[in-house]
Structure formats: structure tokens, C-alpha cells
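The values are calculated or read from the model by the stated rules, or taken from the named source; none is laboratory data. Because the structure is a prediction, the values reported are computed rather than measured. We work out accessible area using only protein heavy atoms, side chains counted, and drop any ligands, DNA or RNA first. Shrake-Rupley method; radii C 1.70, N 1.55, O 1.52, S 1.80 Å.
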Amino acid sequence: MRARTLTPAVLEALQRGGVNRVSLGVQSFVDREALRSGACTRKTFVLDDIRRLRAAGISNLNVDLLAGLPHQTADS
């Protein structure tokens, strides 16, 4: 798993730059599926990033999810 990219420095730069919309490439909220798809995050990290973005005043958020991932089920 790669390092998380929404560091405090990045979050501060987004605020300073007036960013008002962020898109997160989550792929799946099922960790196993996300990791198999090449995503570098986990559900808990994504939820924390969303909380931190909202706390920074960036509430226009997009979460990219994929359908049809290998081993994905209708329930997941």
C-alpha cells in the first residue's frame, strides 16, 4: 500500500488555493476489492480524509467507485 496523499501540507495548500471540490479515487469501500484494483487506500482512510476535507471547509466531494471489479459481489 502506498502512502496516503492527503497530508496536512496538501490539505493546507488546497485551502490556500481556494479549492472547493475534491474527487477521491476510492474504487471500492471493500478494502480487499480496492487493493486488488490498485487503489492505495482503505475504507477507514477514506472516511478520515472525507472528515478532514469537510473540516477544512471543502464539502463538495466526489467519490469514484468501480463496478465489476474482480471478486466483487452484488452485496459488496
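Using a 1.4 angstrom probe on heavy atoms only, work out the carbon and sulfur share of the accessible area of the range 16-76 in %.
Numbers: 1890 of 3870 Å².
Exposed carbon and sulfur together represent 49 percent of the surface.
Skip the ligands, DNA and RNA, and give the accessible area per residue of the range 20-66 with a 1.4 Å probe, whole Å².
Values: 2680 Å² over 47 residues.
That works out to 57 Å² per residue.
Return one number: the angle in degrees, 0 to 90 and rounded to the nearest 10, between the long axis of the Cα atoms of helix 43-55 and the longest principal axis of the Cα atoms of the chain.
Approximately 20 degrees, to the nearest 10.
Ignoring everything except DSSP H segments at least 4 long, calculate the 222 nm mean residue ellipticity for the chain; use -39,500 (n - 2.57) per segment, divide by total residues, nearest 500. Could you put the intermediate results ahead of the total?
Working: 3 runs with 28 residues, N = 76.
Calculated mean residue ellipticity at 222 nm is -10500 deg cm²/dmol.
If you compute mean projected area of the Cα convex hull in nm² for the structure shown, which of (i) 4.3; (ii) 5.1; (iii) 4.6 do you land on?
Of the listed options (i) 4.3; (ii) 5.1; (iii) 4.6, (ii) comes from this structure.
Please build a GNM for the chain, connecting alpha carbons under 10 Å apart, and tell me which residue among G57, G17, G25 fluctuates the most.
Result for the chain, Cα springs under 10 Å: G17 fluctuates most.
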